[in-house]
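The numbers here are math on the coordinates, done by the rules we state, and not lab data. This one's a predicted model, so the numbers in the text were calculated from it and none came from an experiment. FYI the Cβ positions are ideal-geometry reconstructions off the backbone, even for glycines, and counts take in every protein chain you see.
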């Protein structure tokens, strides 16, 4: 559906999303593909290419884009293909000495069956443009550009949202639910009385985008997605935005005034020689390690930067926000479709908060060693002292920075430890084994991903001929829960069942394992009620729960 202006705001929508950055757009795609009527309100009329911000789309985000049918579209738009480079280089300058190198970084290299999609380096604006197109292609979604949410109030059965356009004219839209994806200065967060907890770094940083014709030809270290420059004149992080002349850089410990005054000097020091350059945009920032005290109040939820902020090192911030959007999107859709209950919405914060807190911890740890902490004498010297200094620096880099660039255990290995919609595992514990974790991936004999054959809602995966699924199918039917049954071919089911530790698996819409077993449980209704968020608090199952 085309974008709409403030004069044509709908009177009511099922979900209103404040903020049309990547997280808000991702929430709209997740909801819209599930038939939910939603409205995205975004102040920016066009996507800005001046500040590329996030540039790492991790494996998990790319798997979600695959599920939405957008992965190949995004890769086709990305200026740097994964085959161009999968390296991060530490050096004294782009024309100076190499200190160390990491290869196969950030999930950019395939690892057999471990994931359905490799990661992708792409400026944030590429993702935003692709997601805007996807939202506008969905008949259930509307995008209001050049307007912003300025007020939110809620009653028991709906939320009233005040929307203001660029001319200052206001209109009111009611919604069943609201998602605040409106960033660090979130109006929605303020409206529900939520606040950030945590701190921020003491040292400023100065980001910029610049164009430098011919700089690429001077780079001594070959293609890389990031170059960490270790020299006292400009300790910095720099990388290409495309394969021609456009670069991004972060000068560590540099404030706005100094950065704007010394931009050319910083670029020359990063390059290791005087170069011709034009600064296209600047972006001063200070790292923040913060998370809100609550992510929900009644019918209003927070996601992405409106809920949590972390240092950018490791590339987790935007990707964590996409995870928020997916988690909340399918759960709201289930409730609005009538098969999801109260616990399914209660599970949003208790499932996402541990993920967000761990990401903040990991990103903060990555920030402890930047180029400023790697400075040493003689790094560019040609004598024995120089060789020894570079050897010592390289050893420290490998020791302290490996986790930042090889973080797939964090990206793929997160488990839900406790949730009202994750039933106890077979040993009586919550979130053990594969329960509560991303379904282990495998490619099928025909080349498809296992994820490609999962249903849009709950999927019952059967591995082997012996297991009966009739009771679970009946229970899902009684509760009007959409269920897809997938029987893996014998050629892969035995090995996969051994890997999973079970012959039956119920998989949630977000590809998370909700339940495992070798046979249907005695009370299949209780299982289905738990997964759909309607299990009675006393542990009994009411035939009338809804």
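What FRET efficiency, computed as 1/(1 + (r/R0)^6) with R0 = 51 Å and r the Cβ-Cβ distance, is obtained for residue 264 and residue 495, rounded to the nearest 0.05?
After rounding, the FRET efficiency stands at 0.30.
In terms of the Cα gyration tensor, with a ≥ b ≥ c the square roots of its eigenvalues, is the range 311-459 rounded because a/c is under 1.5, prolate because a/b exceeds b/c, or oblate?
Verdict is prolate for the range 311-459.
Which angle between 0 and 90 degrees, to the nearest 10, do you get for helix 124-137 versus the longest principal axis of the chain when only C-alpha atoms count?
30 degrees
With a 10 Å radius around each residue's Cβ, average the other Cβ atoms per peptide and rank 448-457, 186-195, 377-386, highest first.
Peptide ranking by packing, descending: 186-195, 448-457, 377-386.
Find the Rg to Rh ratio for the range 415-531, where Rh is the Kirkwood radius over alpha-carbon pairs and Rg uses the same atoms.
With Rg and the Kirkwood Rh in hand, the quotient comes to 0.93.
Tilt of helix 384-405 relative to the longest C-alpha principal axis of the chain, in degrees (0 to 90, nearest 10)?
Taking Cα atoms only, the helix is inclined about 20 degrees.
Compute and list, largest first, the equivalent-ellipsoid semi-axes of the range 1-125 from the alpha carbon gyration tensor, each √(5λ) rounded to a whole angstrom.
So the equivalent ellipsoid measures 36, 19, 10 Å along its semi-axes.
Can you run the Rg to Rh ratio on the range 213-335? Use alpha carbon positions and the Kirkwood inverse-distance Rh.
Checking Rg against Rh, the ratio lands at 1.11.
Nearest 5 is fine: what % of DSSP beta bridges in the range 415-531 come out antiparallel, could you say?
DSSP beta bridges in the range 415-531 are roughly 70 percent antiparallel.
Measure nothing but the geometry: give the 0 to 90° angle between the long axis through the Cα atoms of 490-500 and the longest principal axis through the Cα atoms of the chain, rounded to 10°.
Helix 490-500 sits at roughly 80 degrees to that axis.
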